[in-house]
1. Could you tell me whether Ala240 is assigned to a helix (DSSP H, G or I), at pLDDT 95 or above, out of contact with any strand residue (DSSP E or B) (no Cβ under 7 Å at 6 or more places or on another chain) and surrounded by fewer than 22 Cβ atoms within 10 Å (Cβ to Cβ)?
2. Do you know which of the residues in segment 61-90 that are hydroxyl-bearing (Ser, Thr, Tyr) and touching a Ser or Thr at 6+ places or on another chain (Cβ under 9 Å) is nearest to Thr192 (Cα to Cα)?
3. Of the conditions (1) open to solvent by 50 Å² or more (accessible area, probe 1.4 Å); (2) touching a residue at least 24 places away in the same chain (Cβ under 8 Å), Gly286 fails just one. Which one is it?
4. Yes or no: Leu359 over 17 Å from Ala90 (Cβ atoms), in contact (Cβ under 8 Å) with a residue 12 or more places away in the chain, open to solvent by less than 50 Å² (accessible area, probe 1.4 Å) and not basic (Lys, Arg)?
5. Which one of Ala227, Ala198, Ala263 is free of Cβ contacts under 8 Å to residues at least 60 places away in the same chain, in contact with a Ser or Thr (Cβ under 8 Å, 6 or more places away or on another chain) and at negative phi?
6. I need the full set of residues from segment 122-148 which are within 23 Å of Phe323 (Cβ to Cβ) and either open to solvent by less than 20 Å² (accessible area, probe 1.4 Å) or polar (S, T, N, Q) (or both), in order please.
7. Looking at (1) assigned to a helix (DSSP H, G or I); (2) within 14 Å of Val254 (Cα to Cα); (3) not polar (S, T, N, Q), which is the only condition Asp199 fails?
Amino acid sequence: MTTRNGKQLPKPAGAGPFTAGRPGPDAATCLDPLAALRAPGDPDCDVYLTGSVFLDIIFTGLDSAPVRGTESWARGMGSSPGGVANMATALARLGLRTSLAAAFGDDHYGEYCWDALEQGEGIDLSLSRTIPGWHSPVTVSMAYEGERTMVSHGHEAPQPEPAPDCPPPARAAVAALTPGTRAEWIAQAARTGTRVFADVGWDESGRWDPDDLADLEHCEAFLPNAAEAMRYTRTDCPRAAARALTERVPLAVVTLGAEGAYAVDGSTGESAEVPAIQVEALDPTGAGDVFVAGFVTGTLAGWPLADRLAFAGLTAALSVQEFGGSLSAPGWSEVAAWWQSVRAVRDQDPPALRRYGFLERLLPAPARAGPLRRAVPTIGFGRSA
């Protein structure tokens with residue numbers, strides 16, 4: 001039952017959680033990366049997430065950071081669902097059946113975010129709820145010099161009563177670890193066979209104590225950035241940090257920024273490194289979430305480690321060329337269009353092309369019925385706009 005504005009809305013008769021919403025705009029060419037693996041009795045949900053949904057307002061085209069006492073004008077602006085919505089949208093656009101449990105504000109921002117995720121992206125929100133009288137958290141992000149600065153405002157949502165079916169059966173779950181805090185749902189998910197992929201935010205306490213990440217014991221993979229990985233492992237090299245992390249989690253993936261990503265599978269001893277794709281970034285918001293979504297997709301599909309890294313890096317590179325976090329995530333048709341375009345460029349480096357040759361057997365035709373939904377300068381346009 002989907003909760004909206006304090007009311008319970010029944011699903012259509014016979015509908016599962018992934019048939020209640022309108023299919024996303026890329027559905028005509030969105031392949032199912034797990035089609036060959038699906039079998040009767042599999043869970044309806046491919047990936048489960050929980051977290052906070054923000055309304056993101058993004059300013060781009062700033063020449064520098066805002067200066068105290070002055071007014072700065074941005075050349076570009078976009079609005080889109082943010083927070084955990086970045087990851088949920090990225091997963092859904094890659095064809096994974098995604099279930100999100102989150103609180104939504106009882107305001108126009110919350111209504112917009114709900115519609116964008118459920119109706120626009122086909123994400124299952126049956127475990128989400130609208131909180132009467134609670135306003136949506138908001139983040140303003142300013143992108144300049146290849147980085148971003150964010151200002152956020154919000155109040156913690158009231159704690160709901162525990163749901164008996166949360167977390168639901170799922171192939172995988174993505175968890176954002178909080179240093180020093182355990183999330184019971186992570187252990188519950190792991191006990192039922194869900195494969196848990198984790199990332200982590202900056203440790204504001206400054207401790208950087210790996211023992212503070214107790215939930216890593218329930219995770220299959222950990223995907224920090226280089227700065228986080230080196231601080232937690234007390235190393236001065238991100239590759240050494242990745243190897244050290246495999247003492248706590250089976251698979252460690254460390255993102256290296258402009259250098260790409262490095263991964264070590266502690267269970268097999270295999271390692272892989274893939275360079276980043278050089279692009280002109282408009283807005284880096286959510287790129288890390290898109291990377292994780294690409295890696296989860298390849299892992300669930302059973303791809304080799306290097307292919308998973310390459311695909312994750314590609315999806316992240318495509319995302320930074322658009323406004324916003326969630327609605328910048330690419331769909332399969334955009335990946336196909338990229339692959340078609342790079343092969344058409346003369347004098348491409350043959351080894352670099354071969355690195356992405358695995359896409360050839362996966363991709364649909366690059367044409368699609370309509371464009372993906374993107375961030376817009378403001379919300380609340382009439383339907384005819």
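The values are calculated or read from the model by the stated rules, or taken from the named source; none is laboratory data. It should be emphasised that the depicted structure is a prediction, and the values quoted were computed from it without experimental measurement. FYI the Cβ positions are ideal-geometry reconstructions off the backbone, even for glycines, and counts take in every protein chain you see. Side chains included, ligands, DNA and RNA excluded: accessible areas come from the protein's heavy atoms. Shrake-Rupley method; radii C 1.70, N 1.55, O 1.52, S 1.80 Å.
1. Details: assigned to a helix (DSSP H, G or I): yes; at pLDDT 95 or above: yes; out of contact with any strand residue (DSSP E or B) (no Cβ under 7 Å at 6 or more places or on another chain): yes; surrounded by fewer than 22 Cβ atoms within 10 Å (Cβ to Cβ): yes.
Yes; evaluated as a whole, the condition is true for this residue.
2. Ranking the qualifying residues of segment 61-90, first place goes to Thr89.
3. Failed condition: (1).
4. For Leu359, the condition - over 17 Å from Ala90 (Cβ atoms), in contact (Cβ under 8 Å) with a residue 12 or more places away in the chain, open to solvent by less than 50 Å² (accessible area, probe 1.4 Å) and not basic (Lys, Arg) - is met.
5. Ala263
6. Quick first cut of segment 122-148, residues within 23 Å of Phe323 (Cβ to Cβ) only: 122-123, 136-148.
Ile123, Ser136, Pro137, Thr139, Ser141, Ala143, listed by residue number.
7. It fails just one condition, (1).
One line per residue, one yes/no per condition, for (1) of a type in the set (Val, Ile, Thr); (2) surrounded by fewer than 21 Cβ atoms within 10 Å (Cβ to Cβ); (3) in a helix (DSSP H, G or I); (4) out of contact with any Gly (no Cβ under 7 Å at 6 or more places or on another chain):
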site: Trp114; (1), (2), (3), (4): no, no, yes, yes
site: Val174; (1), (2), (3), (4): yes, no, no, yes
site: Gln188; (1), (2), (3), (4): no, yes, yes, yes
site: Gly193; (1), (2), (3), (4): no, yes, no, yes
site: Gly206; (1), (2), (3), (4): no, yes, no, yes
site: Asp211; (1), (2), (3), (4): no, yes, yes, yes
